[in-house]
Structures are given as C-alpha cells and as structure tokens.
Amino acid sequence: MKIIVCVKQVLDTAAQIQIENGKVVSPGSSRIINPYDEFAIEEAVRIKEKKSDTEITLLSLGPEGFKDSIKKALAMGADKAVHLMDAEFEGLDSYALARVLARSIEKIPYDLILCGRQAVDGDRAQTGPALATFLNIPFVTVVTGIEFSDDFKNAKITRQVEGGSEVRELPLPLLLTCQKGLNEPRLPSLKGIMAAKKKEVLTLSASDLDAETLDIDDKRMIEENLCLPPERKKGIILQGSEISGELVRLLREEEKII
Amino acid sequence: MSVDRVLAVVIEHDHGETKPVSLEVLSAARKLADQISGKVVAFCFCREANLSGDLFIRHGADEVRFLTHPDLQHYIHENYVSALLRELEKSAFDYLLLPATNNGKELSAVLSARLGVGVAADCISISVNDGDVEAVRPVSAGKAHSTVRFTGKKPHILSLRPNVFRNPPIARQGEIVEEAIQLPEFSQRVRELVKQVGSQLDVTEARIVVSGGLGMQGPENFKLLEELAEVLGGAVGASRPVVDNGWRDYSNQVGQTGRTVSPDLYIACGISGAVQHLAGMSSSRCIVAINSDPNAAIFSVADYGIVGDALKIIPALTREFKKVLTS
C-alpha cells in the first residue's frame with residue numbers, strides 16, 4: 001500500500017503568543033508537528049507494521065524550518081518526504097494550498113492519503129477535504145477509527161460527529177483527516193532518528209510544480225487585522241460561608257444565565 | 001420590497017431533529033439580510049419534510065426549501081454537495097451560511113474547492129462594512145482573532161460557531177416549498193452510513209459546560225460533574241491531562257488540541273488553566289473557576305472564582321442549583 005501523509009509544522013500549543021506587524025510571534029517557543037498530523041503519521045506507521053510492503057511518503061508545504069518536523073516524522077517511521085518550499089507559497093489560503101498539494105500528488109502514486117483534521121494554528125479544517133475534492137477521491141473527516149478489509153481494498157471508517165459517531169464503508173483510494181482518539185503517537189526511537197538521516201527528502205519549488213498554471217494567486221478573500229482577543233473583565237473571588245448560594249444568585253440575577 | 005442579495009442557509013438535522021445551531025445560523029443570516037436588504041433561504045435536505053418550516057421562518061428564513069430524496073435521511077457530504085450545486089445552478093446566491101460543525105466545515109471546504117470561492121471558517125462575529133460582509137474568526141483556538149473580507153467569486157461561504165449567534169424566534173411570514181430532487185448515484189463511491197451511535201449533548205453545542213481537570217483526582221469523581229451538568233442541562237468537558245490519563249473520552253477535551261467552546265457558562269473545576277486550555281474556552285460568556293490553588297492561571301480568565309476543593313464545592317453547588325431550578 002502507498003500512503004501519503006500531509007504534515008504541517010505549527011507553534012507549540014503551550015506557547016503564549018503576541019502579535020507584531022500583523023503576524024503571530026512567540027519568541028523562544030518551539031515548533032512542533034501539528035498534533036493532528038501526528039495521529040496521521042502514527043496511523044500510517046501502524047498500517048506499515050501490519051502490511052510490510054507499505055510505503056509512506058510525507059508531504060509538507062512550508063519554509064526551510066519545516067525540515068525539523070519532516071525529520072521527526074521520518075524518525076517515527078515514514079519512508080521518504082516531499083517538501084514543497086517556495087516564497088510564492090507563503091500566505092496561501094486553504095483553497096490554494098490544496099491546489100498545490102493536489103498538483104504535487106499527481107506525480108506520486110497512492111492508495112491512501114492521511115491528514116490531520118485541522119492545523120491548530122489556522123483552525124480552518126479546509127485543506128484535507130479540499131485536497132480530496134481536487135483529486136476527485138472520496139474522503140472522511142474527523143476520523144477516530146480505521147479498519148481495513150483483508151485485501152486492503154476497502155475500509156470501515158469511524159468518524160466523530162457532535163454528540164456521537166458514525167461509521168462509513170468506502171473503497172480505496174481515499175483521504176482521511178485524523179482526530180485525537182485514533183491512536184497514541186509514538187516518540188521516535190533512537191534507531192528511528194538514526195535511520196531518518198539517510199531517508200530521502202525531495203524539495204520541490206513552485207516552478208517544479210508548474211504552479212503558475214494554478215489559479216493560486218487569485219484572491220478569494222483577505223484575512224487580516226490579526227489581533228489578540230479582547231481582554232476579559234477582571235473577575236471576583238467569592239468568599240465567605242455561603243459561597244455556593246452566592247454564586248447561584250450571581251449567575252441567576254446578575255448574569256441571567258440560570 | 002426589492003431584494004438585493006440572497007443568503008442561503010443549510011439546515012443541519014439529525015434523527016428527525018433540527019440542530020439548535022442551525023436556528024442560530026438562521027438568526028445570524030436574518031440580521032445580515034436586514035442590513036443588506038437580503039433574502040434568507042433555508043435549505044433543508046431530507047428524506048421527507050418532517051421538520052418545522054415555521055420554526056425556520058420564525059428564526060429568520062423568508063423561504064424554506066425542503067428538498068427530499070430517499071438518500072437524504074442522513075447527512076452524507078456527497079449528496080449535500082450535489083444537491084446544493086444543483087440549487088446554485090438554478091438560482092445564484094450571494095452568501096452561504098453553515099454551522100461550523102464537523103459536517104458544516106467539510107461541506108464548506110468541498111464547495112470552496114468546487115466553486116473556487118472563499119470560506120470564513122468558524123466565525124464568532126459577522127458584520128456589514130460598506131455594504132460587504134466581514135467576519136471575525138479565532139485562530140490558534142482563540143489565542144488570536146482575525147478578520148475575513150471576501151474579494152472573489154460568490155457565493156461567499158461562512159461557517160458560524162455554535163452558541164454564539166443565539167436569538168429568540170419572532171412571529172414572521174415566509175414561504176415553504178417542498179420538492180423531490182434527483183441525486184447522482186454514488187453506489188461505488190460511498191456506501192451507506194452504517195450506523196450512528198450516541199446522542200449525548202456535545203460540549204461545542206451545550207449552553208453550559210461543566211469541565212474537570214486533574215484536581216478532580218480520579219475518573220470516579222467526574223460523576224459529581226455529570227450530576228451538576230444534568231441539573232443545569234449542560235455537558236461535561238475535560239482538560240487534556242484528564243483525557244490523556246484515560247479518565248474521559250477525547251470528545252470531551254476542551255482546548256487547542258481538543259474542542260473550542262463558547263458556552264454561556266463554563267464552570268472549570270480543578271483545572272489549573274494551561275495556555276492551550278485557556279485558548280479553547282476563554283471566549284465563553286461567563287466563566288466560573290473552582291481551584292484549590294489561588295494562583296492558578298484559570299482565575300485570570302474567570303468572572304467568578306472560588307478557591308477551594310472542587311470535590312467539596314461541586315456537590316454544594318449542585319444542591320443550590322437544584323433548589324433554585326426546581327422552586
């Protein structure tokens with residue numbers, strides 16, 4: 001089986017952020033693999049452990065710094081990587097990003113594409129389903145369970161919906177966006193880290209992909225005025241012997257919630 | 001009245017019931033429509049038109065279109081996309097508003113890709129500026145906000161976060177249309193939805209969320225939170241360490257790597273307030289924090305704080321709420 005795993009690098013979720021010149025900054029904070037993409041990588045590696053003729057190709061679009069996450073994902077067990085890197089790719093919206101990813105995938109054979117259910121910075125949850133749409137393959141989002149048929153030609157997919165879950169059966173090839181609960185991502189082993197150093201990372205630019213023939217420069221929208229959320233008004237600490245009753249009174253009479 | 005623009009709303013429903021968030025989306029569309037002399041059309045894809053069209057009208061629809069097909073009993077994105085594209089061909093709309101649920105987000109992504117149009121995802125406020133709609137949306141789970149303006153082709157798509165756009169229904173007039181539609185065969189592509197389990201109130205949709213952290217000291221103590229949530233008609237949430245310890249299901253997790261929530265009331269019990277947790281819940285309308293550590297970060301976002309042992313305070317709170325709510 002040939003699996004493509006899409007990987008994005010994001011700011012550590014534990015990081016405090018500031019806004020400078022319309023951009024998020026967080027000096028000294030580390031970058032991590034998007035947590036939902038880690039579930040995708042782990043799932044691919046687990047499939048390979050069951051089906052040894054599996055080949056896992058990472059696909060990542062981002063600047064030079066993304067190499068750290070690509071290395072880590074290779075150390076977790078992916079076989080090789082394609083790194084799409086070009087100044088022209090900066091600030092692409094989800095539509096354009098998915099167009100570029102789809103173009104790069106035209107040259108890679110696959111049976112399964114795994115993505116995270118969303119990147120924890122943009123929080124749009126758009127790229128995965130948009131990519132499947134451009135590739136004209138079926139997809140399931142927010143996946144918490146994958147069960148293959150014995151011949152790996154079909155899959156039974158569990159998907160999270162608000163208040164429950166649903167199960168669908170689909171033939172491969174297909175694209176899945178992975179949600180927490182699917183698995184527990186491993187830490188790379190020392191052996192994995194050593195092996196990763198020898199694995200192939202192919203870097204492709206916009207011109208390698210003939211990206212100028214994609215309409216990625218057409219603006220569909222402008223996302224701007226990045227700012228910190230409005231500060232919450234200072235709260236009060238309740239004291240005294242009748243705290244519970246007082247809180248209920250406040251929520252009822254002042255906040256009018258109860 | 002001359003109508004300038006058409007605002008389409010896709011109704012999300014499940015097991016024969018309209019999702020409350022769909023009524024919120026209708027209310028938000030109504031508010032926008034009133035500012036741009038627009039018309040709100042509610043699209044309800046279903047097997048049979050057994051939902052209340054009047055309810056959609058009272059929440060803001062000028063026209064309700066029940067589009068029926070045997071395959072539309074459950075949401076399946078391929079069917080919804082086909083049906084929507086067919087409607088769009090018949091008559092253009094300027095804006096398409098959806099709930100920012102798992103279904104709404106994937107629908108908006110597919111339509112964006114098919115039509116080459118922009119999406120403002122998970123909006124928490126929408127307004128009209130110079131005749132154009134713009135939307136504020138959280139990024140990094142709410143650590144920052146950005147503003148989206150549309151520039152390209154229409155329809156411009158907005159998905160709206162649950163719980164943020166609630167408005168009471170009003171008496172209004174509107175038109176209800178029912179039509180059986182054709183859908184392409186997806187037999188090879190997508191087999192039927194085989195089962196659907198669970199119908200508990202979701203943390204993202206609950207008006208009140210009672211959430212527990214490591215300060216709850218063990219999974220067995222979460223029954224205290226369940227009791228409180230039941231009295232309040234809310235849902236139980238959890239912090240990441242609680243979920244990572246296996247005390248609660250991952251669907252309960254609130255924070256940057258879980259669910260981002262904006263309920264009317266968020267009660268944080270024994271939660272210290274890690275950065276990624278605060279990101280996921282600090283847009284709640286009112287926050288109550290109960291924690292034994294007076295220096296816990298959770299108090300920095302709380303409207304009301306109680307310093308003390310959550311295990312002792314929660315049962316007392318439950319009793320007080322019960323008293324008030326049953327009297």
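The values are calculated or read from the model by the stated rules, or taken from the named source; none is laboratory data. Everything numeric here is computed off the predicted structure, so don't read it as measured data. Positions of Cβ are backbone-derived with ideal geometry, glycine not excepted, and every protein chain shown enters the neighbour counts.
Within segment B:138-188, work out how many residues are in a strand (DSSP E or B), closer than 30 Å to A:VAL120 by Cα and in contact (Cβ under 8 Å) with a residue 60 or more places away in the chain.
Final tally of qualifying residues: 6.
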Practice prompt. Read through the list (1) assigned to a helix (DSSP H, G or I); (2) touching a residue at least 24 places away in the same chain (Cβ under 8 Å); (3) not basic (Lys, Arg), then give the number of the only condition that A:LEU247 fails.
Written response: (2)
Worksheet item: Counting residues that are more than 14 Å from chain A (Cβ to nearest Cβ) and touching a residue at least 24 places away in the same chain (Cβ under 8 Å), which strands (runs of 3 or more DSSP E) fully inside segment B:1-111 reach at least 2?
Response: B:5-10, B:38-46, B:63-68
Worksheet item: Which residues, counting only those in segment B:131-149, are facing chain A (nearest Cβ under 7 Å), of a type in the set (Lys, Arg) and surrounded by 24 or more Cβ atoms within 10 Å (Cβ to Cβ)?
Response: B:LYS143
Worksheet item: Quick check: is even one residue across segment B:116-124 surrounded by fewer than 20 Cβ atoms within 10 Å (Cβ to Cβ) and part of a strand (DSSP E or B)?
Response: no
Discussion item. When you check A:SER205 against the structure, is it over 23 Å from the mean Cα position of the chain (by Cα) and more than 9 Å from chain B (Cβ to nearest Cβ), yes or no?
Written reply: no
Practice prompt. Might you let me know whether segment B:214-225 holds any residue that is modelled with pLDDT of 95 or more, more than 14 Å from chain A (Cβ to nearest Cβ) and surrounded by 24 or more Cβ atoms within 10 Å (Cβ to Cβ)?
Written response: yes
Discussion item. Can you find a residue that is over 19 Å from A:ILE17 (Cβ atoms), of a type in the set (A, V, I, L, M, F, W, C) and touching a His at 6+ places or on another chain (Cβ under 7 Å) anywhere in segment B:279-295?
Written reply: no
Fill in: Among (1) under 27 Å from B:VAL148 (Cβ atoms); (2) in contact (Cβ under 8 Å) with a residue 60 or more places away in the chain; (3) buried (at least 20 other Cβ atoms within 10 Å of the Cβ), the one test that A:ILE70 misses
(1)
Discussion item. Being away from chain B (no Cβ under 14 Å), in contact with a His (Cβ under 8 Å, 6 or more places away or on another chain) and buried (at least 23 other Cβ atoms within 10 Å of the Cβ) is the requirement here; does A:ILE113 meet it?
Written reply: no
Fill in: Selection from segment A:93-119 of residues that are under 16 Å from A:ASP210 (Cα atoms) and of a type in the set (A, V, I, L, M, F, W, C)
A:ALA96, A:LEU97, A:ALA98, A:VAL100, A:LEU101, A:ALA102, A:ILE105, A:ILE108
Worksheet, complete the sentence: Only unsatisfied item for A:THR144, checking (1) at the interface with chain B (Cβ under 7 Å from one of its Cβ atoms); (2) in a strand (DSSP E or B); (3) modelled with pLDDT of 95 or more, is (1)
Practice prompt. Go through the residues of segment B:92-104 one by one and say whether even a single one is more than 13 Å from the chain's Cα centre (by Cα), crowded, with 17+ Cβ neighbours inside 10 Å and within 22 Å of B:VAL254 (Cα to Cα).
Written response: no
Practice prompt. Can you confirm whether segment A:181-200 contains a residue that is within 14 Å of another protein chain (Cβ to nearest Cβ), in contact (Cβ under 8 Å) with a residue 24 or more places away in the chain and of a type in the set (Asp, Glu)?
Written response: yes
Practice prompt. Just give me the residues in segment B:189-211 being in a strand (DSSP E or B), surrounded by fewer than 16 Cβ atoms within 10 Å (Cβ to Cβ) and either at pLDDT 95 or above or more than 7 Å from chain A (Cβ to nearest Cβ) (or both), in sequence order.
Written response: none
Item to complete: Report the residue count in segment B:237-258 for those that are surrounded by fewer than 24 Cβ atoms within 10 Å (Cβ to Cβ) and outside any helix (DSSP H, G or I).
Response: 6
Item to complete: For A:LEU97, state whether it is surrounded by 18 or more Cβ atoms within 10 Å (Cβ to Cβ), out of contact with any Asp or Glu (no Cβ under 8 Å at 6 or more places or on another chain) and within 18 Å of A:LEU202 (Cβ to Cβ).
Response: no
